[in-house]
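**Q** One structure, as structure tokens, below. Some questions next.
The values are calculated or read from the model by the stated rules, or taken from the named source; none is laboratory data. Everything numeric in this text was worked out from a predicted model, so none of it was measured. Here the Cβ positions follow ideal geometry from the backbone for every residue, glycine too, while neighbour counts run over all protein chains shown.
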């Protein structure tokens with residue numbers, strides 16, 4: 001598309017989609033092509049309004065709620081001092097004070113993507129007078145891979161090893177001196193390798209931070225592999241896993257979206273374990289398509305949740321054939337959940353009846 005970006009005008013407008021009063025909406029308009037880009041940001045003090053917003057948008061800000069801060073909006077000690085979770089180590093206790101700006105949305109018309117409109121909108125936002133030295137700007141899932149170069153140009157740096165990027169207007173802030181090479185290394189090694197052992201204190205902490213994942217896909221302590229049955233950890237029943245899902249959601253909706261230390265989301269953890277009732281419970285709460293289709297983890301073959309669940313169903317059939325020497329078909333409940341996953345991911349699927357009929361033609 002032949003269009004000069006020198007003709008693009010950046011302006012601040014009043015949000016028209018129900019965003020709160022303390023919000024910023026910047027638009028990019030071209031005299032020939034009209035609206036070609038939009039940026040939305042929200043300004044918060046540490047108030048109930050922030051908590052209400054985070055609950056309503058928990059899928060986008062799960063890492064922010066559960067991995068960066070505690071319920072009182074004080075920074076998580078792991079972000080500050082843990083050798084692995086602190087990432088480049090450039091963020092600290094300054095995150096517990098000062099105004100918060102959430103970069104909520106950044107949309108560019110496809111024909112103008114990666115042509116500098118993103119840069120112009122971000123530059124305008126970061127030039128506003130609200131950017132005091134103690135303000136920190138956070139990005140949620142607006143920081144998709146294609147947006148990261150623009151964020152990093154302005155000094156946004158990943159918070160620990162989470163999915164959140166942050167920016168300090170203070171040029172003396174440690175984040176402003178982290179080289180891009182160090183940032184990219186964190187991208188390539190975001191997730192910790194799975195530990196060999198899980199002492200009681202570690203397990204208790206994991207259950208507190210990632211209740212659904214630890215119930216649906218319990219960590220395996222290799223030091224207990226040969227231990228007698230009475231020493232083996234309790235494996236939750238399907239009903240217990242579903243109860244954990246409901247309890248976690250009641251505590252905070254972000255618990256059903258947050259990635260654990262291996263990058264597993266609850267829906268992925270339930271999928272790899274073939275946890276049919278848990279998957280149904282999660283889907284009924286609403287799991288966005290990008291979460292179901294995500295490969296952003298260190299799991300086997302980097303499968304998405306649909307592929308992982310298909311593999312779990314297939315493995316179950318094969319085990320039955322090998323150990324019980326009989327062939328089985330998929331259960332109606334398994335196929336129903338497989339269908340629900342595909343629907344939630346936005347995939348084109350036939351009628352439920354045809355989907356189940358086609359799937360049952362495969363015998364093991």
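Yes/no matrix, rows are residues, columns are (1) touching a helix residue (DSSP H, G or I) at 6+ places or on another chain (Cβ under 9 Å); (2) more than 16 Å from residue 235 (Cα to Cα); (3) modelled with pLDDT under 85; (4) surrounded by fewer than 15 Cβ atoms within 10 Å (Cβ to Cβ):
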{"position": "174", "(1), (2), (3), (4)": "no, yes, no, no"}
{"position": "180", "(1), (2), (3), (4)": "yes, yes, no, yes"}
{"position": "183", "(1), (2), (3), (4)": "yes, yes, yes, no"}
{"position": "189", "(1), (2), (3), (4)": "no, yes, yes, yes"}
{"position": "196", "(1), (2), (3), (4)": "yes, yes, yes, yes"}
{"position": "200", "(1), (2), (3), (4)": "no, no, yes, yes"}
{"position": "203", "(1), (2), (3), (4)": "yes, no, no, no"}
{"position": "209", "(1), (2), (3), (4)": "yes, yes, no, no"}
{"position": "212", "(1), (2), (3), (4)": "yes, no, no, no"}
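**Q** Something else now. Are any residues in the range 254-270 under 17 Å from residue 60 (Cβ atoms) and surrounded by fewer than 21 Cβ atoms within 10 Å (Cβ to Cβ), and if so, which ones?
**A** 263
**Q** Yes or no: the range 104-111 includes at least one residue that is at pLDDT 85 or above, assigned to a strand (DSSP E or B), in contact with a helix residue (DSSP H, G or I) (Cβ under 8 Å, 6 or more places away or on another chain) and over 27 Å from residue 259 (Cβ atoms).
**A** No, because not a single residue in the range 104-111 is at pLDDT 85 or above, assigned to a strand (DSSP E or B), in contact with a helix residue (DSSP H, G or I) (Cβ under 8 Å, 6 or more places away or on another chain) and over 27 Å from residue 259 (Cβ atoms).
**Q** When you check residue 114 against the structure, is it surrounded by fewer than 17 Cβ atoms within 10 Å (Cβ to Cβ) and in contact with a helix residue (DSSP H, G or I) (Cβ under 7 Å, 6 or more places away or on another chain), yes or no?
**A** On the way: surrounded by fewer than 17 Cβ atoms within 10 Å (Cβ to Cβ): yes; in contact with a helix residue (DSSP H, G or I) (Cβ under 7 Å, 6 or more places away or on another chain): no.
So residue 114 does not fit the description; no.
**Q** Condition (residue is within 21 Å of residue 255 (Cβ to Cβ) and touching a strand residue (DSSP E or B) at 6+ places or on another chain (Cβ under 9 Å)) applied to the range 77-94: is it met by at least one residue?
**A** yes
**Q** Of the numbered conditions (1) within 30 Å of residue 7 (Cβ to Cβ); (2) part of a loop (DSSP other than H, G, I, E, B), residue 60 fails exactly one; give the number of that condition.
**A** Residue 60 satisfies all of (1) within 30 Å of residue 7 (Cβ to Cβ); (2) part of a loop (DSSP other than H, G, I, E, B) except (1).
**Q** What about residue 128, is it farther than 15 Å from residue 50 by Cα, surrounded by 17 or more Cβ atoms within 10 Å (Cβ to Cβ), at pLDDT 90 or above and out of contact with any helix residue (DSSP H, G or I) (no Cβ under 7 Å at 6 or more places or on another chain)?
**A** No.
**Q** Does residue 311 satisfy the condition of being surrounded by fewer than 16 Cβ atoms within 10 Å (Cβ to Cβ) and either modelled with pLDDT under 90 or in a helix (DSSP H, G or I) (or both)?
**A** It is false that residue 311 is surrounded by fewer than 16 Cβ atoms within 10 Å (Cβ to Cβ) and either modelled with pLDDT under 90 or in a helix (DSSP H, G or I) (or both).
For (1) touching a helix residue (DSSP H, G or I) at 6+ places or on another chain (Cβ under 6 Å); (2) under 22 Å from residue 50 (Cβ atoms), each residue gets a yes or a no:
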position: 252; (1), (2): no, yes
position: 255; (1), (2): yes, yes
position: 258; (1), (2): yes, yes
position: 264; (1), (2): yes, no
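**Q** Still on this model: Please work out if residue 119 is in contact with a helix residue (DSSP H, G or I) (Cβ under 6 Å, 6 or more places away or on another chain), in a helix (DSSP H, G or I) and surrounded by fewer than 19 Cβ atoms within 10 Å (Cβ to Cβ).
**A** When the stated conditions are applied, residue 119 passes them.
**Q** Mind listing just one residue for me: the one in the range 335-354 that is assigned to a loop (DSSP other than H, G, I, E, B) and over 26 Å from the mean Cα position of the chain (by Cα) and, of those, surrounded by the most Cβ atoms within 10 Å (Cβ to Cβ)?
**A** Checked the range 335-354; the qualifying residue surrounded by the most Cβ atoms within 10 Å (Cβ to Cβ) is 350.
**Q** For residue 109, are the conditions met, namely being over 15 Å from residue 41 (Cβ atoms), assigned by TED's automatic domain parsing to the domain that holds residue 39 and either crowded, with 19+ Cβ neighbours inside 10 Å or touching a residue at least 40 places away in the same chain (Cβ under 8 Å) (or both)?
**A** yes
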